[in-house]
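Have a look at the structure below, then the notes.
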Amino acid sequence: MSIEQEDHILQLLTRYLQGDVKDDEQKFVEDWIAESKSNKIYFGEVKHIWDTSESIADFDQINVDEQWNKFESGIIATVKKKPKSNKVYLKIAASIVFLIGLGFYFNSFFNTEVTLIAKAGIENKFILPDESIVWLNEGSQLTYKKGFKGDSRHLNLEGEGFFEVTKDPDKPFIVIANATETKVLGTSFNLKNNTKTKEVELVLVTGKVEFLSKNQKEILTPGDKITAVVSGKLIKTVNENLNFSTWKSGLLRFEKTSIEQVIKDIELYYNKNLIIESKEFVNCTLTTIFDNESLEDVLETLKILFDVTYEKIDSNTIIIKGGDCNS
């Protein structure tokens, strides 16, 4: 589980600064700090608070409850919750109040929301507090409350994600995407919130889900696909696109698929613009699997199978010439 998802992140970092961590915890913290610039900045702010609190005279005379009440009532409004009675943790909390008075900017340590942002070029796999697993497509974002407090597990998705949901009949898993709501108990599905077209598309892999949009509701079973268009209308069909989750798996699968559709799937996965010159080639079909192969290897395969040639016009555009279905 990533440290952003850890409910006791502040306690872990302060115990690290205090030298009160086990070897595996120390390695975890140090690896996390080295992972990104934002992590270094976050840790630096915690350390700054820690170091400053060490220098505050007569710290033991501070009325922590009084300082926390001031903090909670509006000096900085992020969380309406008193921390657990951990001496080190309270020390940090009280110090924050003094540092704010000195003009120190503090914004995120007590934030109740977790936001996961998918980076480019890596597998963005996250374990949620209920042990559900989500993969996010690059550029996508998922927000939820720490620990899934309450009687449901609410999340907000921008972009695309593949979910494997841990079953909990008493606590439904609800994903909000644009004006739609996907409600599940335990299942796996791919959900795409297209921020450009404002359409939301769901493909169900296992289990059963309830999909709602503007007072319309549909129940989906495995293999179903549903699209919510801008007007709110729901279009339910059988999913025929084998590559709806290629962004997650890296597998491109084709079974007697028209070259026109093959090229569309390749374009989407590799984020390139492919132009077919021959109208005859469009009518050819392809049955094969590309397993995490480079675009160059895919194009070379098409060249061998269909006797095509290709020319790179720029970094984003490729023209495919020729093509014989009987090659």
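The values are calculated or read from the model by the stated rules, or taken from the named source; none is laboratory data. Just so it is clear, the model here is predicted, and its values are computed rather than measured. Counting neighbours? That spans all protein chains shown, and the Cβs are built from the backbone with ideal geometry, glycine included.
Checking each residue in region 271-288 for being outside any loop (DSSP other than H, G, I, E, B) and either touching a residue at least 60 places away in the same chain (Cβ under 8 Å) or more than 26 Å from Gly139 (Cα to Cα) (or both) picks out Ile276, Lys279, Glu280, Phe281, Val282, Thr285, Leu286, Thr287, Thr288. Within region 209-227, the residues that satisfy the criterion of being within 15 Å of Val165 (Cα to Cα) and within 22 Å of the chain's Cα centre (by Cα) are Val209, Glu210.
Residues in region 167-193 that are buried (at least 16 other Cβ atoms within 10 Å of the Cβ) and assigned to a loop (DSSP other than H, G, I, E, B) were compared, and the one that is modelled with the lowest pLDDT is Leu185. Listed by first and then second residue, the pairs with beta-carbon distance under 8 Å, at least 6 apart or on different chains, first residue in region 168-181 and under 12 Å from Gly232 (Cα atoms), second surrounded by fewer than 16 Cβ atoms within 10 Å (Cβ to Cβ) and not charged (D, E, K, R), are Ala179/Gly232. Name the pairs whose Cβ atoms lie under 9 Å apart, with the first residue in region 188-214 and without any contact (Cβ under 8 Å) to a residue 60 or more places away in the chain and closer than 12 Å to Ser245 by Cβ, the second among the charged types (D, E, K, R) and not in a strand (DSSP E or B), and 6 or more positions between them or separate chains? Partner pairs satisfying both residue conditions: Asn190/Lys248; Lys192/Glu199.
Whenever a residue of region 124-136 is outside the structural domain of Glu160 (by TED's automatic domain parsing), it has no partner that is at pLDDT below 90 and in a strand (DSSP E or B) lying with C-beta atoms less than 7 angstrom away and at least six residues away or across chains.
Residues considered: Thr309, Thr237. Of these, the only one that is loosely packed, with under 15 Cβ neighbours inside 10 Å and either among the aliphatic types (A, V, I, L, M) or touching a Gly at 6+ places or on another chain (Cβ under 7 Å) (or both) is Thr309.
Across region 220-270, what is the total count of residues that are among the hydroxyl-bearing types (Ser, Thr, Tyr) and either assigned to a strand (DSSP E or B) or touching a residue at least 24 places away in the same chain (Cβ under 8 Å) (or both)? Qualifying residue count for the region: 7.
Mind listing whichever residues of region 194-214 are closer than 11 Å to Gly159 by Cα and either acidic (Asp, Glu) or assigned to a loop (DSSP other than H, G, I, E, B) (or both)? Passing the criteria: Asn194, Thr195, Lys196, Lys198, Glu199, Glu201.
Yes or no, residue by residue, for (1) over 30 Å from Leu299 (Cα atoms); (2) assigned by TED's automatic domain parsing to the domain that holds Leu299; (3) touching a helix residue (DSSP H, G or I) at 6+ places or on another chain (Cβ under 7 Å):
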site: Ala179; (1), (2), (3): yes, no, no
site: Thr187; (1), (2), (3): yes, no, no
site: Val200; (1), (2), (3): yes, no, no
site: Lys208; (1), (2), (3): yes, no, no
site: Lys233; (1), (2), (3): yes, no, no
site: Lys256; (1), (2), (3): no, yes, no
site: Ile263; (1), (2), (3): no, yes, no
site: Tyr269; (1), (2), (3): no, yes, yes
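Taking the criterion of being modelled with pLDDT of 95 or more and either within 17 Å of Lys264 (Cβ to Cβ) or surrounded by fewer than 18 Cβ atoms within 10 Å (Cβ to Cβ) (or both), the residues of region 224-233 that qualify are Lys225, Thr227.
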